[in-house]
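This report concerns only the one structure given below.
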Amino acid sequence: MSLIPPTHLKTRLTILACALTALMVAGCNIATPIMYAVHGPGKVKKSVALDPELKYIIFVDDPSNKVASRRLRGTIVDSAQSQLLKRKLVAEVIDGRAAFAAVAKERYGDPLSIVEIGESVGADVVIYALMTEFSLGAEVGTYRPSAVAQVKLLNVNTGDRIWPAENLGAFPLRISMPQRPGLAPSTTAEVYKSQEALAQQTGLALAQMFYDVEVTDSARRNR
């Protein structure tokens with residue numbers, strides 16, 4: 001009977017171990033897509049539910065001028081309210097531009113409260129979003145649009161906060177778009193287009209606070 005030299009035996013065992021490892025890895029790679037297809041990527045749950053019987057208005061506030069223009073604030077409002085109506089989450093949404101008009105009529109040094117703005121347009125609830133960040137990129141030459149809005153819901157009829165609780169402050173809604181190094185907008189037209197896209201994404205993220213959405217479709221960074 002012939003014996004396998006120790007060095008050859010060690011080599012064969014090493015090859016066998018590598019083959020088994022490769023097979024196991026391949027098995028995992030095959031199993032993962034199957035599990036993903038069966039169970040799906042999961043959902044981002046809504047932050048709070050809306051009462052479909054009430055009238056809402058979305059007020060995007062920007063006292064620090066984080067957003068480049070009132071036009072872009074209008075885009076945020078349009079994007080958000082169209083999603084709420086499309087998904088039939090509410091029966092009526094008063095155009096958010098009515099809130100802009102109410103604020104424009106404020107007397108100097110005597111600003112309207114959020115509840116007073118809601119009263120002036122006949123809303124039951126104000127979805128208030130205070131913009132604290134709206135940027136196409138933190139560094140020169142980068143393109144990584146992001147925005148942050150502090151969100152809360154107020155009952156116009158009682159003056160009470162509906163959500164979140166008073167002791168929790170406002171909810172920090174964070175929005176980001178895919179990073180595209182080296183593709184920063186270089187012309188006025190490109191900047192305009194990029195800002196418009198971020199405003200639309202911000203409005204979508206605001207609306208997605210009120211319904212469940214697939215992880216892959218979520219515009220929110222809050223998970």
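Each Lys or Arg adds one and each Asp or Glu takes one away; over the other residues whose Cβ falls under 10 Å from the Cβ of Leu89, this sums to +3. In straight Cα distance, which aspartates and glutamates are under 17 Å from Lys66, not counting same-chain residues fewer than 8 positions off? Result set, ordered by chain and number: Glu133, Glu139, Glu196.
For the range 44-217, the C-alpha radius of gyration sits at 1.05 times the compact-globule guess of 2.2 N^0.38 Å, with N the residue count.
Just so you know, all these numbers are worked out from the coordinates, no wet-lab data involved. Worth saying up front: this structure is predicted, and the values here are computed from it rather than measured. Positions of Cβ are backbone-derived with ideal geometry, glycine not excepted, and every protein chain shown enters the neighbour counts.
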